[in-house]
Amino acid sequence: MMSRLSYLFLMALLLTASVATAQKKEKKPKPNLLKIENVITKSESKELTVEDFATATQNADLIPGDEKKSTQAKAWYLRGKIYQMIYVSELEIPGVTKDQAVRNAAEAYNKAISLGKETDPYTLYATQESDSFYALMVNSGVDAYNNERQEEASTLFEYSALIRPDAPVGFKFAAAAATDAAIAARQAGDEAKSKSLYETAMKNYKELVKLTPTDTVYMNMARVQKNGLSDPQGALAIIEEAKAKIGEDNVMLNREEVLILFETKQVDKAMTKIEEAIKTDPDNPGLYIRQGLLYDQLINAEKEGEKENWDLEKIKNYQDAAAEAYKKTINIDPDNFLAHFNYAVIVSQQANFYFNQANAMSLDEYRKSGEKVENQGLEILVDAIPSMEKAWELEPEDKDVLQALQSFYVKLQKAGKLGEAAKLEKVTSEIERLGYN
């Protein structure tokens, strides 16, 4: 019979063994880089099998969680290489989609590049493979786009952006292709698909604008937000952000803002907002430009419909207000191209009122008062010329400027008001040289 002491001793041994067993940790499998290398080497002489890829990916997938290997450029390079091979392979690898293969390869190559040193050959290998993979995606994307496979093109360009997140090309063309695909889906009546594609476009534009915050990118963002996602207020917010970064007097952004304000019937609100801003910041030329553009749009709105129904008095008031806004811009910023050009256009429109009136006269009417009416227009037109000439100085090859000046000079020369016929000859010669006829 076991004594009480022996029994207690035995229980102590059992408890000790139990604790030791509980404290024993299960060994984590270690990634075997040699097995991955062997598969890569084998691919140079033989076709790989699904089993080969399975062996390689089992080991490659252990790299991110391995304390030692996850700090080595070589390990990440091998992981990137094997997943790149899976993407280009015609084999279907269980548990690995083509999308996953690209994402894993891109992440791995970028990790290898960030971890490696200049003297580390695997940093060089990763860079070379990454460049090659990037070129494949871009070229494939271009091919898909040119063959009107816009959704596929967008995906391929997105992949290129994953591989090279510092390059704007992928984001730019992914957004453009997604937008085209969204338009096509909307035309086909698939609104849900269209919205999803517009959201994809916006996602890529948001990445692109971080790399290249240009007015064109912001404009595209605003249009996707307004037209694609039916959110004009969101589009206005994008334009406000853009102007804060690029400048208040950006022509493209201001025009788009004015159009949205008109479409959403917010002109009065916008005008009040600008007037309040001018009170606190009277030396800001961008505010006067925006004010002038708003009046320009009001003029255009009044000119919609039949000409005989136009409210000429209201149009003239808007023209006077627009001209005044542009003059204030010029006083603050004498080299503002848009202000000079728009001021000259507004003034010439006021002059055209008299020219058109004279042209509409009968022969008897013209003999009585036609010349007087034309002279009224000429006196106004003379005021437009210095600003248009300044616009030409600022933008020597602008087609609209050159053709406007030519028109002004012709009118003045016919009336015997132009002191130098050489001006007309010079601008006409420049129009011919630039092929603007």
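The values are calculated or read from the model by the stated rules, or taken from the named source; none is laboratory data. This one's a predicted model, so the numbers in the text were calculated from it and none came from an experiment. So basically every Cβ, Gly included, is an ideal-geometry build from the backbone, and we count neighbours across all protein chains shown. Just so you know, the surface numbers come from the protein's heavy atoms only, side chains and all, with ligands and any DNA or RNA stripped out. Shrake-Rupley method; radii C 1.70, N 1.55, O 1.52, S 1.80 Å.
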remark   = Subset of the range 395-409, residues assigned to a helix (DSSP H, G or I) and crowded, with 16+ Cβ neighbours inside 10 Å, comes to VAL401, LEU402, ALA404, LEU405, GLN406, PHE408, TYR409
request  = Hey, can you tell me all the residues within the range 255-270 that are farther than 12 Å from ARG290 by Cβ and either assigned to a helix (DSSP H, G or I) or touching a residue at least 60 places away in the same chain (Cβ under 8 Å) (or both)?
outcome  = LEU259, ILE260, PHE262, GLU263, ASP268, LYS269
request  = Considering every residue within the range 413-426, establish whether at least one is in contact with a Ser or Thr (Cβ under 8 Å, 6 or more places away or on another chain), open to solvent by less than 70 Å² (accessible area, probe 1.4 Å) and either assigned to a loop (DSSP other than H, G, I, E, B) or under 17 Å from VAL345 (Cα atoms) (or both).
outcome  = no
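For (1) modelled with pLDDT under 95; (2) under 21 Å from the mean Cα position of the chain (by Cα), each residue gets a yes or a no:
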{"residue": "THR119", "(1), (2)": "yes, no"}
{"residue": "TYR122", "(1), (2)": "yes, no"}
{"residue": "THR127", "(1), (2)": "yes, no"}
{"residue": "LEU136", "(1), (2)": "no, no"}
{"residue": "ASP143", "(1), (2)": "no, no"}
{"residue": "TYR159", "(1), (2)": "no, yes"}
{"residue": "ASP166", "(1), (2)": "yes, yes"}
{"residue": "VAL169", "(1), (2)": "yes, yes"}
{"residue": "ALA184", "(1), (2)": "yes, yes"}
Whichever residue in the range 96-139 is under 14 Å from ARG79 (Cα atoms) and of a type in the set (Ser, Thr, Tyr) and, among such residues, is surrounded by the fewest Cβ atoms within 10 Å (Cβ to Cβ) = THR127
inquiry  = What's the number of the only condition in (1) within 29 Å of the chain's Cα centre (by Cα); (2) more than 26 Å from LYS269 (Cβ to Cβ) that TYR354 fails to meet?
reply    = (1)
ask   = Do the conditions hold for GLU241, that is, is it assigned to a loop (DSSP other than H, G, I, E, B) and acidic (Asp, Glu)?
value = no
note = Across the range 291-311, the tally of residues that are open to solvent by less than 90 Å² (accessible area, probe 1.4 Å) and either assigned to a helix (DSSP H, G or I) or in contact with a Gly (Cβ under 8 Å, 6 or more places away or on another chain) (or both) stands at 12
request  = May I ask you to list the residues in the range 47-60 that are in contact with a Lys or Arg (Cβ under 8 Å, 6 or more places away or on another chain) and either assigned to a loop (DSSP other than H, G, I, E, B) or surrounded by 19 or more Cβ atoms within 10 Å (Cβ to Cβ) (or both)?
outcome  = LEU48, ASP52, ALA56, ASN59, ALA60
request  = Report whether or not SER160 is on the phi < 0 side of the Ramachandran plot, open to solvent by 40 Å² or more (accessible area, probe 1.4 Å) and among the small types (Gly, Ala, Ser).
outcome  = no
message = List pairs: first residue in the range 122-138 and in a helix (DSSP H, G or I), second residue open to solvent by 70 Å² or more (accessible area, probe 1.4 Å) and basic (Lys, Arg) anywhere in the structure, Cβ distance under 6 angstrom, at least six positions apart or on different chains.
response = TYR134/ARG164
ask   = LYS206 is checked against (1) at pLDDT below 95; (2) within 10 Å of the chain's Cα centre (by Cα); (3) open to solvent by 70 Å² or more (accessible area, probe 1.4 Å) and fails just one. What number does that condition carry?
value = (1)
message = With out of contact with any strand residue (DSSP E or B) (no Cβ under 7 Å at 6 or more places or on another chain), assigned to a helix (DSSP H, G or I) and either β-branched (Val, Ile, Thr) or under 27 Å from LEU33 (Cβ atoms) (or both) as the only criterion, which of GLU151, GLU118, GLU90, GLU107 stands out?
response = GLU107
